[in-house]
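Here the structure comes first, spelled out in structure tokens, and everything after it is commentary.
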Amino acid sequence: QVQLAESGGGLVQAGGSLRLSCAASGRSFSSLAMGWFRQAPGKEREFVAALTWNGDSTYYADFVKGRFTISRDNAKNAVYLQMNSLKAEDTAVYYCGASIRLYSSHSTLANRDNYRYWGQGTQVTVSS
């Protein structure tokens, strides 16, 4: 069993920054590949960023490259998403996901079906 809990969402003006956190429990965090996804009203959940279980590789969707950074702190069992230069189109519910498999490629970790556990999400609203 793995439990995930996101936090850090809120209302921010365009151009501003937010730092999202995802706390994991129930399994060794250092053995999990982690990802961030987001879902806007009426749209499918889409890939944002991912980090391999050992922290060797990070992957990003094209629309966030240069603006968002994913990182992890194994001592705190947490993964983070630093979001800078936010745009109105970034408005969505942001979810963290965890995979128990040792996935390491961009294509694999960008696929929603490869994540077994999800948090409840945290709302990010960017005002224009």
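Figures for the structure shown
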read-out	value
Reachable lysines from Lys87, criterion Cα separation under 26 angstrom, eight or more residues apart if same chain	Lys43, Lys65
Surface share of carbon and sulfur [accessible, 1.4 angstrom probe, percent] for the chain	44
Sites Arg112 and Leu11 - FRET efficiency at Förster radius 35 Å, r taken between beta-carbons, to 0.05	0.85
Cross-link partners of Lys76 among aspartates and glutamates (Cα-Cα below 20 Å; sequence separation of 8 or more within a chain)	Glu6, Asp56
Interchain or long-range residues, amide H under 5 Å from Tyr117's placed H	Ala98
Loop chymotrypsin sites (Phe, Trp or Tyr not before Pro), the stretch 41-128, which have at most 12 other Cβ atoms in a 10 Å radius of their Cβ (DSSP)	none
Surface per residue (accessible, 1.4 Å probe) for the chain, Å²	50
Size of electric dipole in the stretch 21-63: Cβ of Lys, Arg +1 and of Asp, Glu -1, about Cα centre, debye, nearest 20	180
Separation of the Gln39 and Lys76 label points, Cα + 7 Å toward Cβ, nm	2.7
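The values are calculated or read from the model by the stated rules, or taken from the named source; none is laboratory data. Note that the structure is a prediction, hence the values are computed from the model and not measured. Glycine also receives a Cβ, built like all others from the backbone with ideal geometry; neighbour counts cover every protein chain displayed. Note: areas computed on protein heavy atoms with side chains; ligands, DNA, RNA excluded. Shrake-Rupley method; radii C 1.70, N 1.55, O 1.52, S 1.80 Å.
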